[in-house]
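Comments concern the structure below.
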Amino acid sequence: MKVPYLDLRVSDAGLKTSLLTRFEKILDHGRIIEGPEQQEFEERFANEIGVKYAVGVSSGSSALFLALLGSGVGPGDEVITTPLLPPSKRATEKLRSLPTSEKGLNLTTPNF
């Protein structure tokens, strides 16, 4: 059986209608990031996993960076990751490069 690398065709008519409606709303308000859909996702996801907040990010690097930062990882701490995944390397390098004053709740947006 041949599995296509990337097949975005949607054969389910109901799902296709739902997706097109969502895409149309996004195109109408023009906010691909930090729009109402992202806020809705974060609220629904937080509710689903039973926590007060959830944050949607744009990449695996950003997610790992925030997880490390939120866990209190800082200078001198050992972080063991796979050398085969660039996001884990970038996240730990970004964390190491932050001035001490930026570690904590006053976050700047990581530039991955």
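The values are calculated or read from the model by the stated rules, or taken from the named source; none is laboratory data. Here the structure is a predicted model, which is why all the values come from computation and not from measurement. FYI the Cβ positions are ideal-geometry reconstructions off the backbone, even for glycines, and counts take in every protein chain you see.
Which of (1) aliphatic (A, V, I, L, M); (2) part of a loop (DSSP other than H, G, I, E, B); (3) surrounded by 12 or more Cβ atoms within 10 Å (Cβ to Cβ); (4) modelled with pLDDT of 80 or more does residue 79 not meet, given it meets every other one? Every listed condition holds for residue 79 apart from (4).
Taken together, the residues in the stretch 3-53 that are β-branched (Val, Ile, Thr) and part of a helix (DSSP H, G or I) amount to 4.
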